[in-house]
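Input: a single structure, listed below in C-alpha cells.
Derivation of every value follows stated rules applied to the coordinates shown; laboratory data play no part. What you see is a predicted model; the values in this text were computed from it and never measured. Here the Cβ is made from the backbone with ideal geometry for all residues, glycine too, and neighbour counts use every protein chain on show.
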Amino acid sequence: MKQQKQLNQAIQTARDHGLLPFQVPYVEFTGEDYSNSHDAVGHTRPPPSMTSGDPWYPWYGTLQPDESEVARVKKLYKNYLK
C-alpha cells in the first residue's frame, strides 16, 4: 500500500509539472495477482532425456574435459570449492 501511495504521489507531481498530459488509470491489484497458484508458475515436467538418464544434449555425453584445464580451474577456484 505504501508503494501505491508513492506511485500516486509521483504521478501527481509529474502531472503538476506538465510531464503527464494524459490520465493514468488506477488499477486495483489483489493478492491473487501475486500468488503462485496459476499455470505460469506451475511445475514443469522434466524432459524425456532427463528421465531416461541420457544427457540433455546428444553431443554432450561424448565430451571429455581437458585434464590440465580442469586442474587449472580447480587451482584457480580452490578457495571457493567445497
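May I ask you to order 8-17, 64-73 by the average number of other C-beta atoms within 10 Å around their residues, highest value first?
Averaged packing, sorted descending, gives the order 8-17, 64-73.
Taking label points 7 Å from Cα along the Cα-to-Cβ direction, R15 and L81 give a separation of 6.1 nm.
Each residue, K5 and D66, gets one label point 7 Å from its Cα in the Cβ direction; the gap between the two is 6.1 nm.
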